[in-house]
Amino acid sequence: MKRDLHFDARDIPSAARLGLSGRKIWAFFKATVLSWAVWTAAVYLGFLAADPAGLGARWESGRLLPLPSGVFWMSWQAVGLLSVGLLTIVGIQMKTFLEVSRMTFEQIRGDDFYSGRDARKFSRGHWKPLAAVPAALLAALALAVLSGALLGLVTRIPSAGPVIFGLLAVPAWGLSLLCVLAATALALSFPLVPAIVASTRGDTYETIFELFSTITSQPWRMALYFLTALVTRAAAMAVFLAFSSAAAGFLGWTTGIGLGRNPAGALAGGLQVVAPELAGRFAVSFDVLGLAGGTDPFPGPAGAVTALAGVAIVLVAVSYWLSSCSSAWTLIYICIRRRKDGEDLLARADEEDFREFQRLYGSADESSRGAGEAQEACGQGGEG
């Protein structure tokens with residue numbers, strides 16, 4: 001069913017509800033698992049390049065989620081591998097953001113059955129702005145850094161250098177303001193570019209224009225919408241985790257009747273087993289209310305399987321957070337586009353679909369005329 005929007009802050013809280021979709025959570029779950037695997041491979045390959053002899057100790061402390069530290073940062077090969085891994089993870093997540101943003105856009109239009117397969121097909125045809133826009137912004141910032149370094153070299157010229165710097169200081173300051181804007185656009189491009197492409201089907205030029213236009217024309221409204229979405233999503237996430245904790249407590253109580261012990265504690269502590277470095281620093285768990293209870297983990301492979309199941313539940317919660325984030329930015333862009341340009345992207349999409357339908361099958365008038373001509377031809381044939 002099509003959602004009627006107000007195109008203001010009243011629409012933003014629905015991001016928490018739109019994000020609570022099995023298709024969207026599943027899309028981010030797969031992307032998060034793949035990102036985890038890429039991170040783990042990149043870090044362990046980095047440690048292997050930096051210190052092959054210490055790889056065993058790193059496995060004991062990091063296991064399936066190692067964190068780079070110590071000798072890792074002293075090896076350029078390790079840092080290079082981690083950089084490649086991070087770029088891969090960003091690409092995976094942005095592609096998933098595009099898919100989920102498209103699902104959200106179609107859901108707002110009334111297509112509740114828009115599938116993950118349709119979203120993946122859309123992303124295959126519209127992925128280029130996801131890479132081109134951040135790359136263009138990074139190139140512009142790199143050029144600005146080189147220009148600043150060149151100005152610094154010129155300033156070192158005796159006597160004339162400081163004078164040249166004084167003459168160019170004001171223009172350089174103005175260009176620095178543009179660099180700050182470009183850096184802001186780069187940071188916002190990761191959630192906003194997928195929302196723009198999903199809503200407009202735009203190419204790279206249109207996407208980068210819309211990115212800067214959205215940031216500069218409606219900054220306070222965008223900040224208000226972002227804070228509204230953040231508060232709403234945080235409250236929804238708290239409720240989600242509370243229900244998850246209650247479910248863990250119920251699971252422990254019911255299985256404990258037949259098992260004679262509570263296995264839910266081992267499930268809730270799965271991340272401590274799989275990723276002790278991360279869990280030790282941040283105490284990550286889906287059992288926020290402590291209702292699962294405590295118990296000794298299962299021995300051997302059974303304990304590993306139980307720990308992985310607990311990690312999967314944590315990743316479901318993370319996937320819901322990302323899904324609601326993607327839905328929120330899609331709503332934010334749709335509302336801001338209406339405010340700054342007066343254009344309803346939902347109506348625009350309906351018109352585009354109608355024109356495509358006419359192109360493929362012809363208009364209703366043409367169909368009626370064609371049917372009439374066919375009937376007349378048949379009649380003449382009968383008379384003959």
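Quick notes on this structure:
- Output for segment 71-115, where each listed residue is under 18 Å from S324 (Cβ atoms) and free of Cβ contacts under 8 Å to residues at least 40 places away in the same chain: E106, Y114
- When the helices (runs of 4 or more DSSP H) confined to segment 1-117 are screened for residues that are of a type in the set (S, T, Y) and closer than 28 Å to V314 by Cα, those reaching at least 3 such residues are found at 22-50, 76-109.
- Only a single item in (1) more than 18 Å from the chain's Cα centre (by Cα); (2) crowded, with 20+ Cβ neighbours inside 10 Å; (3) modelled with pLDDT of 95 or more is not met by I196, and it is number (1).
- Within the set V154, V170, V163, the sole residue that is touching a Phe, Trp or Tyr at 6+ places or on another chain (Cβ under 8 Å) and free of Cβ contacts under 8 Å to residues at least 60 places away in the same chain turns out to be V154.
- Set side by side, the residues L138, L175 differ, and just one is over 25 Å from G91 (Cα atoms), surrounded by 12 or more Cβ atoms within 10 Å (Cβ to Cβ) and either aliphatic (A, V, I, L, M) or in contact with a Phe, Trp or Tyr (Cβ under 9 Å, 6 or more places away or on another chain) (or both), which is L175.
- Of the residues examined, A140 is not one that is more than 25 Å from T207 (Cβ to Cβ), in a helix (DSSP H, G or I) and touching a residue at least 24 places away in the same chain (Cβ under 8 Å).
- Single match in V193, V154 (criterion: more than 28 Å from S324 (Cα to Cα) and either in a helix (DSSP H, G or I) or in contact with a Pro (Cβ under 7 Å, 6 or more places away or on another chain) (or both)): V154
- Identity of the residue in segment 107-123, more than 17 Å from the chain's Cα centre (by Cα) and of a type in the set (D, E, K, R), that ends up surrounded by the fewest Cβ atoms within 10 Å (Cβ to Cβ): R117
- Residue that is surrounded by the most Cβ atoms within 10 Å (Cβ to Cβ) [pool: residues in segment 1-56 that are of a type in the set (D, E, K, R) and within 30 Å of A78 (Cα to Cα)]: D51
The values are calculated or read from the model by the stated rules, or taken from the named source; none is laboratory data. Predicted model, so just to flag it, every value in this text is computed and none were measured. Cβ atoms come from the backbone with ideal geometry, glycine included; neighbour counts cover every protein chain shown.
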